[in-house]
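Visitor: Input: one structure, supplied below.
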Amino acid sequence: MKQMTKMLLLITVIGFTSCSPKISSNLTNPQPKLSIDEKVALLDIEHKLPESIVKVGDLRFQDSGFSTDCSFNSLMTQARNEARKNGANIVKVVDKKKPDLWSSCYRLKIELYKYDGDVSSLTQYKLKLD
Amino acid sequence: MKIILKSILLTSVILLSSCATIISGSRQNVEINSEPSSAKVYINEIEIGNTPVQQNLKRNQEYSLVLKLDGYETYETKLERKFNAWYIGNIAFGGLIGIIIDPITGAMHKLKPEDINGSPKSGTTYNTENGKLFIKISMDIDSNSEKIGQLKKSE
C-alpha cells in the first residue's frame, strides 16, 4: 500500500512539473530587449531570410518525455517570447520534426536574428490559436 | 452483496478515472469583457475580436492577453494555468489511468488571470461559473491622448 501511495505521489509530481517542453538556448549575441509592440517575424523552413541580418542565437525545443504543451503554434509563441527577451525580431525554423511514434511533440531547431528592416513585409508563418 | 459492492466500486473507479478530463474537458471557455466595451482583444498577439468576446482555449497552455482601445492605455496580462482540483479525484478514488490521462489532455489545469502577490493584477476582476472563466478588464484613460472630435457615418 505504501509503495502504491509513493507511486501515485511520484506520478503526480511528474505530472505537475514536466508538461513543458525542454528548451535549450545558445545566445551568442544578445541585443536590447524588444517591447510587445515591436513585431517579430516567424519564418518556417520554407520561408526565406532577408539579407543584412545579425544572428542573435539558437534555440532548441525537445520533448522532455512528459511534455504536453508542445504544438507547433505553442512552441513558436514561446520562441517569439525568447526572441523579444534577447532583442531578436526574426524567428527562423531550421529543423522541424513532426510528432511521430516516438514523440507526441514537435521538436524544433530555431535561429534568432535581428533585422533592421520592416519584418511585417516578410513572407512568414501566421500563428494560430490551437 | 459483496459482488454488488465490488461492482459498484469497479464502476466508480472506471467512471472516475480521468476525473478532470471527464468533468472539465481539455479546453476551457473564457469570456473577456472590458470597461468600456469594444476593446480589441489579442490572445498570443492574434486578434480574436472586440469585447465582449468568447474563446475556447486549451487548458495546458499559458496565454498572453492584450486589450487595445483608442484613447485608453493598452492593457497587458496573462492567462496562467493553475491546478484543477478535479485531478484530486483520481488520487482519492485510485484512478491510475486518470493520473496519467489528465496531464496529457491538460485537464489537470484550469486557466486563471495572472496573480501579483496572490491577488489579480490591478484592473482585472474574474469569476468562474460552471467551469467557464469570466474576465472583466477596466481600462485606464491614456493621459497622452485627447479627444478632438468624432466622425459620424453619413446616412
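Any read-out appearing in this document is the output of simple, stated calculations on the displayed coordinates, not a laboratory observation. Model, not experiment: these values are computed from the prediction. FYI the Cβ positions are ideal-geometry reconstructions off the backbone, even for glycines, and counts take in every protein chain you see.
Visitor: Give me the dipole magnitude in Debye, nearest 20, for the stretch A:19-121 about the Cα centre, with unit charges on the beta carbon: positive for Lys and Arg, negative for Asp and Glu.
Guide: Around 220 debye, computed over the stretch A:19-121.
Visitor: Another one. Dipole magnitude of chain B about its Cα centre, charges +1 at Lys/Arg Cβ and -1 at Asp/Glu Cβ only, in debye to the nearest 20?
Guide: 860
Visitor: May I pose another question? Given N residues in chain B, what is its alpha carbon radius of gyration divided by 2.2 N^0.38 Å?
Guide: Taking the Cα Rg and dividing by 2.2 N^0.38 Å, one obtains 1.41.
Visitor: Just subtract the alpha-carbon distance of A:Glu51 and A:Lys96 from 0.36 nm times their residue separation and send over the number in nm, one decimal.
Guide: That works out to 13.9 nm of additional length.
Visitor: Okay, next question. With just the Cα atoms of the stretch A:19-121, tell me how far they stretch along each of the three principal axes, in Å, largest first.
Guide: Between the extreme Cα coordinates on each principal axis of the stretch A:19-121 lie 41, 25, 24 Å.
Visitor: Continuing with this model, one more query. For the pairs B:Lys68/B:Lys112; A:Lys126/B:Lys121; A:Lys126/B:Lys58; A:Lys22/B:Lys78, note any where the Cα-Cα span goes beyond 27 Å.
Guide: From B:Lys68/B:Lys112; A:Lys126/B:Lys121; A:Lys126/B:Lys58; A:Lys22/B:Lys78, over 27 Å: A:Lys126/B:Lys121.
Visitor: Could you list the trypsin sites (Lys or Arg not before Pro) in the stretch B:83-155 that lie in coil according to DSSP, counting only those with at most 10 other Cβ atoms within 10 Å of their Cβ?
Guide: Answer by residue number: B:Lys147, B:Lys152, B:Lys153.
Visitor: Per-residue HN-Hα couplings for the stretch B:104-110, Karplus 6.51 cos²θ - 1.76 cosθ + 1.60 at θ = phi - 60°, whole Hz, x for Gly and Pro?
Guide: In residue order, the calculated couplings are 5, 6, x, 5, 6, 10, 9 Hz.
Visitor: Once you place label points 7 Å from the Cα toward the Cβ at B:Asp70 and A:Asp58, how far apart are they in nm?
Guide: 4.8
Visitor: Which far-off residues, 5 or more places away or on another chain, put their amide H under 5 Å from the one on B:Lys78, with H placed in the peptide plane?
Guide: Distant-sequence amide H within range of B:Lys78: B:Leu65, B:Glu114.
Visitor: Along the stretch B:61-76, what does the Karplus equation 6.51 cos²θ - 1.76 cosθ + 1.60 (θ = phi - 60°) give for ³J(HN,Hα), rounded to whole Hz, x for Gly and Pro?
Guide: 10, 10, 10, 8, 10, 10, 10, 10, 8, 4, x, 10, 6, 4, 9, 10
Visitor: Taking the Cα centre of chain B as the origin and placing charges on Cβ (Lys, Arg +1; Asp, Glu -1), which of B:Ile8, B:Leu57, B:Leu67 is farthest toward the positive end of the dipole?
Guide: Farthest towards the positive pole: B:Ile8.
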